[in-house]
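The values are calculated or read from the model by the stated rules, or taken from the named source; none is laboratory data. Keep in mind that this is a model prediction, so the values were computed, not measured. A quick note on method: Cβ atoms are made from the backbone with ideal geometry, for glycine too, and the neighbour counts reach across all protein chains shown. Ligands, DNA and RNA are excluded from the accessible area calculation, which covers all protein heavy atoms including side chains. Shrake-Rupley method; radii C 1.70, N 1.55, O 1.52, S 1.80 Å.
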Amino acid sequence: MPTATANGLTLAYEASGDPGAAPLVLMMGLGMPLVFWPDAFVEGLAARGFRVVRFDNRDCGHSAKVHSGRLPNIPLAIGRSLLRLPVRAPYTLGDMAADVAGLLDALGLARAHLVGVSMGGMIAQTMAARYPQRVTSLTSIMSSSGNPRVSLGRMSVVRAVLRRPDDPSDVAAVIAHLVHLFGVIGSPGFATDAELLRRNCERVARRGYYPAGTARQLLAILASGDRRRDLAKIRAPTLVIHGTHDPLLPVAAGRDTAEHIPGAKLMLIDGMGHDLPPALTPRLVEAITAHCRAAEA
């Protein structure tokens with residue numbers, strides 16, 4: 001798999017579709033490498049005339065790891081964030097947005113459509129606010145503005161996200177952990193393809209599950225705090241997609257995000273949780289394609 005030097009780091013990436021087509025960059029969520037994007041989702045966007053670029057965020061997959069010594073207490077950091085107190089972190093969402101800008105530079109891309117899920121949506125929002133000339137359109141899926149009043153899911157779900165597998169170096173243990181996690185945060189309104197989910201989780205486990213990197217990414221989110229002022233600066237055409245049954249980032253977080261981005265369109269999907277269920281792939285691909293084409297026009 002190819003790599004690129006971006007913002008002083010080595011990022012692993014993969015490109016699909018016509019190299020001369022309009023570029024569309026996919027940004028994955030907390031701790032998840034590029035292989036967790038559903039194949040049908042990626043192939044669907046490529047088939048509709050996009051050059052689809054996926055990459056491993058810093059501290060994830062095959063991209064560079066940021067070693068920062070002992071990690072602080074994550075529950076304490078969450079508490080400080082909810083109280084709007086400063087949170088120390090090795091890097092922020094702004095640094096991760098700079099990674100994406102550097103990746104575009106390395107690939108010779110002046111601008112691109114951005115599509116991000118969860119933490120990836122936060123990175124995409126930050127890039128759209130800070131690098132407006134690089135963003136053709138923004139699609140933010142199951143993400144938030146950092147507003148603590150609407151960004152906290154059920155505590156049982158948060159605990160499931162924070163929990164580590166029994167042995168992070170054991171592929172079987174990581175697969176079991178991830179399958180359980182997505183059973184907790186997944187979409188109650190859509191049937192789960194258990195075998196497909198297991199295969200996707202196995203791809204993550206074999207690419208390299210890295211809990212320390214996941215913790216640092218979470219610290220980046222917490223340290224970045226409430227980003228509503230940044231969202232108000234976004235001028236790229238924006239589509240916000242959120243599930244009505246998201247147990248990790250409640251639907252109020254999606255509404256709040258759309259309310260604070262000028263001109264943003266909000267698409268709520270009944271029964272969708274904090275995942276990309278296979279049954280929704282055609283609907284999501286069509287909605288994103290229509291949004292991107294309207295932005296280009």
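A full extension of the chain between His180 and Asp226 corresponds to an added length of 13.6 nm, given 0.36 nm per residue minus the alpha carbon distance. Rounded to the nearest 500, the 222 nm mean residue ellipticity of the chain from helices alone is -13000 deg cm²/dmol, with -39,500 (n - 2.57) taken per DSSP H run of at least 4 residues.
Whole-percent P(r), segment 230-297, all Cα pairs, 10 Å bins from 0: 20, 47, 31, 2.
Just add up the charged neighbours of Ser224: K/R +1, D/E -1, any other residue whose Cβ is under 11 Å from the Cβ of Ser224. Don't skip to the end; give the middle numbers.
Working: positive: Arg227; negative: Asp95, Asp226, Asp230.
After counting each charged neighbour, the total is -2.
For the pair Ala173 and Ala110, the difference between a 0.36 nm per residue extended length and the Cα-Cα distance amounts to 18.5 nm.
Separation of segment 46-81 and segment 138-161, taken as the distance between their Cα centroids, equals 16 angstrom. Ligands, DNA and RNA left out, the accessible area of the chain computed with a 1.4 Å probe is 53% carbon and sulfur.
Taking the Cα centre of the chain as origin, sum charge times position over the Cβ atoms of Lys and Arg (+1) and Asp and Glu (-1), and report the length of that vector in debye to the nearest 20. Write out the running numbers ahead of the final one.
Working: 32 positive and 24 negative charges, 187 e Å.
It works out to roughly 900 debye.
What does the C-alpha gyration tensor say about the overall shape of segment 78-138? Classify as rounded when a/c is under 1.5, otherwise prolate if a/b is larger than b/c, or oblate. Here segment 78-138 falls in the prolate category. Taken along the Cα-to-beta-carbon direction at a fixed 7 Å, the label points for Arg164 and Arg203 span 2.6 nm. Mean sequence separation of contacting Cα pairs (under 8 Å, at least six apart), scaled by the length of segment 32-168, corresponds to a relative contact order of 15 percent. Please give the length that would be gained between Ala294 and Leu266 if that part of the chain were fully extended, namely 0.36 nm times their separation in residues minus their C-alpha to C-alpha distance (nm, one decimal). So the extension gain works out to 8.6 nm.
Taking the alpha carbon gyration tensor of the chain, what are the square roots of 5 times its eigenvalues, largest first, to the nearest whole Å? Can you show the working numbers first?
Values: eigenvalues 123, 94, 87 Å².
Value: 25, 22, 21 Å, ordered largest first.
Across Ala160, Ala77, Ala21, mean-square fluctuation computed from a Gaussian network of the chain (C-alpha pairs under 10 Å connected) peaks at Ala21. Within segment 256-283, what residues put their amide N at less than 16 Å from the label point 7 Å along the Cα-to-Cβ vector of Arg154? Residues 271-275 fall inside that zone. Let me make sure I get this right: for segment 105-173, a, b and c are the square roots of the gyration tensor eigenvalues over alpha carbons, sorted descending. Under 1.5 in a/c it's rounded, otherwise prolate if a/b > b/c, else oblate. Which is it? In terms of gyration-tensor shape, oblate. Return the percentage of antiparallel bridges among DSSP beta bridges fully within segment 1-104, rounded to the nearest 5 %. Approximately 60 percent, going by the DSSP bridge assignments. Computed over protein heavy atoms with a 1.4 Å probe, the accessible surface of the chain works out to 41 Å² per residue. The phi torsions of segment 101-116, fed into the Karplus equation with coefficients 6.51, -1.76 and 1.60 and a -60° offset, translate into couplings of 4, x, 5, 4, 4, 5, 8, x, 10, 6, 7, 7, 6, 10, 10, x Hz, rounded to whole numbers, with Gly and Pro shown as x.
Just the projected area, averaged over all directions, of the convex hull on the alpha carbon atoms of segment 163-297: how many nm²? Don't skip to the answer; put the middle values down first.
Working: hull surface 37.4 nm².
Mean projected area for segment 163-297: 9.3 nm², to one decimal.
With a ≥ b ≥ c the root eigenvalues of the C-alpha gyration tensor of segment 185-257, is it rounded (a/c under 1.5), prolate (a/b larger than b/c) or oblate? It is oblate, given that a/c is not under 1.5 and a/b is not larger than b/c.
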